[in-house]
Amino acid sequence: MYINRGSGFFGAFPPVIKNLVIINALMLLITYITGDFMYEKFSLFYFESPLFKPYQLITHMFMHGGFIHLLFNMYSLVIFGMVLEQVWGSKRFFLYYMITGLGAALLHSLVLYIDASSLASAAEAGNFAAMQKLELLYTTPTVGASGAVYGVLLAYGMLFPNNVLQLIFPPIALKAKWFVLIFGAIELYLGISNTGGNVAHFAHLGGMIFGFFLIKYWKKKNNLYF
């Protein structure tokens, strides 16, 4: 259990949340200074891309596409993650965060593999549009803590299902369990329909899926809070 002994703005944050916010903010600042270098080295690329490096499975979780992207992820992490770190402790929370982030990357990579296989077949048949899409798939980076943050959201909904969340838009109150189910359904729809632009919806779902099974495993072992 975390006990707050600090003071000031960051003193109110438990240690893992505090360090995650600082690291993500520093990574974005360095990205602004260095430009494409950070994206080329530390974003996650498709595993068959010449730009792919195994360490990107970790580093992409601390990269963001801009300030608004960072702000939304860190705000959600603080709102839902602080209580989880307090009830789980820092070690358990960090383990959960990293596993869900990796799970998000794995599901996202699996979806890319399925897409790449289909595009490769069409490209071999001489489809020029498929060739262009395949090239784009190989060179498009994935960044963000969103997969892990969605895992944190899922955990909050499972541990505190009846806590009421007041939404700003739309201005309604929802129990956490319904909030999580609605967000999961939206991500599934947008991922399947491919109407979500450049957002990695299956990465979000991956974080939630891995989080669900990890919590179920801990519950089965009677080890959810220890």
### Message
Just the residues that are touching a residue at least 40 places away in the same chain (Cβ under 8 Å) and in a loop (DSSP other than H, G, I, E, B), please, taken from region 42-96.
### Response
S43, F45, Y46, F47, E48, S49, P50, L51, M63, H64, G65, G89
## Note on the structure
Log entry, pairs with first residue in region 163-187 being within 22 Å of F210 (Cβ to Cβ), second being outside any helix (DSSP H, G or I) and modelled with pLDDT of 90 or more, beta carbons closer than 6 Å, six or more apart or on different chains, reads A176/F160; A176/P161; A176/N163; K177/P161
### Task
Would you check which residues across region 201-222 are buried (at least 20 other Cβ atoms within 10 Å of the Cβ) and of a type in the set (S, T, Y) and list them?
none
### Task
For residues that are surrounded by 17 or more Cβ atoms within 10 Å (Cβ to Cβ) and aliphatic (A, V, I, L, M), scanning just region 65-77, find the one that is farthest from N24 (Cα to Cα).
L77
### Message
Criterion first (over 28 Å from L159 (Cα atoms) and out of contact with any helix residue (DSSP H, G or I) (no Cβ under 7 Å at 6 or more places or on another chain)) does G65 satisfy it?
### Response
yes
### Message
Just to verify a result, which residue in region 150-186, among those that are part of a helix (DSSP H, G or I) and either among the aromatic types (F, W, Y) or in contact with a Lys or Arg (Cβ under 6 Å, 6 or more places away or on another chain) (or both), is farthest from G207 (Cα to Cα)?
### Response
W178
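The values are calculated or read from the model by the stated rules, or taken from the named source; none is laboratory data. Predicted model only: the values in this text are computed from it and were never measured. We place every Cβ from the backbone using ideal geometry, glycine too, and count neighbours over all the protein chains shown.
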